[in-house]
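What follows is one structure encoded as structure tokens, with my remarks underneath.
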Amino acid sequence: MKNNRLSNPLGTPLTAKKLFLFDIDGTLAVGDTLFEGSRQLLDHIKAIGGKSYFITNNSTKSGDDYVKRFREVFGLESTKDLFITSGYMTIEFLKEHFMSQKIFVLGTSSFVAELKKNGLTVTESPDSDVACVVVAYDSELNYQKLINVCQVLSTMDVPYYATNPDLCCPIDFGFIPDCGSICNMIESSTGKKPIYLGKPAREVVDLCVAASGFSPEETIVVGDRMYTDILCGVNAGVDTCVLYTGEATKEEVAECSYKPSYEFETVAELLKAVQA
């Protein structure tokens with residue numbers, strides 16, 4: 001087996017890793033297709049007494065949505081607490097800082113509903129009394145929504161947040177614009193940049209480590225995107241593994257200022273290395 005180690009790991013080899021933090025789209029699956037080796041890798045981690053969390057920047061689905069998707073689409077059983085989405089991280093942040101204030105939101109109807117379900121006061125109109133702006137990936141995006149968010153950001157001096165900086169989202173035929181691309185479009189019109197609350201912020205890793213009881217040395221972040229997945233692990237000080245199953249390329253990794261601890265072409269190759 002060739003050496004897939006790129007940077008200096010924290011001292012714990014792949015065979016000793018217990019806590020795996022997986023990106024989903026482009027890493028374990030694409031669309032409704034589970035990659036070869038994904039099911040076996042998850043089973044192996046469970047068999048060795050480890051734990052898998054799924055850390056995704058997809059804010060359109062709640063933990064309950066993912067449990068349903070994993071069961072009905074992939075035939076995998078899971079629980080809500082194993083899914084840490086950028087939407088969840090955003091909601092927790094808003095509950096802490098803007099619980100009793102009005103929040104302007106650009107996002108899907110399900111994301112807006114999830115905010116309201118958590119007791120947050122939400123508007124999609126350019127009201128004059130909003131306390132902050134939140135933008136998420138929006139598969140229901142229309143021009144009026146863009147006009148509304150630009151009006152708020154252009155006429156009010158309020159904090160501006162977004163769920164995730166991903167420029168594109170993997171889909172069966174390739175990629176489509178994600179939250180980062182929407183924010184770039186807004187920036188071109190308003191000059192305003194958001195603070196991103198999902199990956200690559202380290203908080204998602206810290207949350208999983210604390211909840212699992214495993215140490216940072218036993219933890220590894222696995223993903224297909226350098227500037228979100230891998231940088232998230234780097235920011236948190238844990239090992240990382242890039243899979244060339246989605247967006248990242250070997251050329252990008254070679255030129256990047258930070259490196260993953262490991263690289264593999266496929267999930268099946270990672271499985272073999274973990275089993276050793």
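Readers should treat all values here as calculations from the given coordinates under stated rules, not as data from a laboratory. Predicted model, so just to flag it, every value in this text is computed and none were measured. Glycine also receives a Cβ, built like all others from the backbone with ideal geometry; neighbour counts cover every protein chain displayed.
Of the residues Asp127, Asp23, Asp157, the one with the fewest other Cβ atoms within 10 Å heads the list, and the complete ranking is Asp157, Asp127, Asp23. Dividing the Cα radius of gyration of the range 194-276 by its Kirkwood radius returns 0.98 for Rg/Rh.
Give me the mean projected area, in nm² to one decimal, of the convex hull enclosing the Cα positions of the range 68-214.
Mean projected area of the Cα convex hull: 10.1 nm².
Take the chain, connect every pair of alpha-carbon atoms lying under 10 Å apart with a spring to form a Gaussian network, then pick out the residue of Gly87, Gly198, Gly174 with the largest mean-square fluctuation. Of the options given, Gly174 has the highest mean-square fluctuation. Of all the options Lys17, Lys199, Lys117, the one that moves most in a Gaussian network model of the chain with Cα springs shorter than 10 angstrom is Lys117. Each 5 Å bin from zero holds the following percent of Cα-Cα pairs in the range 19-92: 3, 16, 27, 30, 15, 6, 1. Measuring nothing but alpha carbons in the range 112-171 and taking Rh as the Kirkwood radius, the Rg to Rh ratio lands at 0.97. Put the Cα centre of the range 140-200 next to the Cα centre of the range 43-122 and the gap is 19 Å. Among the DSSP helices (H) of the chain, those spanning at least 15 angstrom by Cα along their long axis with an average Kyte-Doolittle hydropathy of -0.5 or more are 86-97, 143-155, 179-190; this is a geometric and hydropathy rule only.
So what is the relative contact order for the range 87-196, in percent, with contacts set as C-alpha pairs under 8 Å and at least six apart? Show your work: numbers first, answer last.
Working: 181 pairs, mean separation 25.0, N = 110.
After rounding, I find 23 percent.
Around Gly180, under 13 Å between beta carbons, what's the net of Lys plus Arg minus Asp minus Glu among the other residues? Show your work: numbers first, answer last.
Numbers: positive: Lys193, Lys199, Arg225; negative: Asp138, Asp166, Asp178, Glu187, Glu247.
Taking every other residue near Gly180 into account, the sum is -2.
If the elastic network links every pair of Cα atoms under 10 Å, which of Leu94, Leu197, Leu207 fluctuates the most in the Gaussian network model of the chain? Maximum among the listed residues: Leu207.
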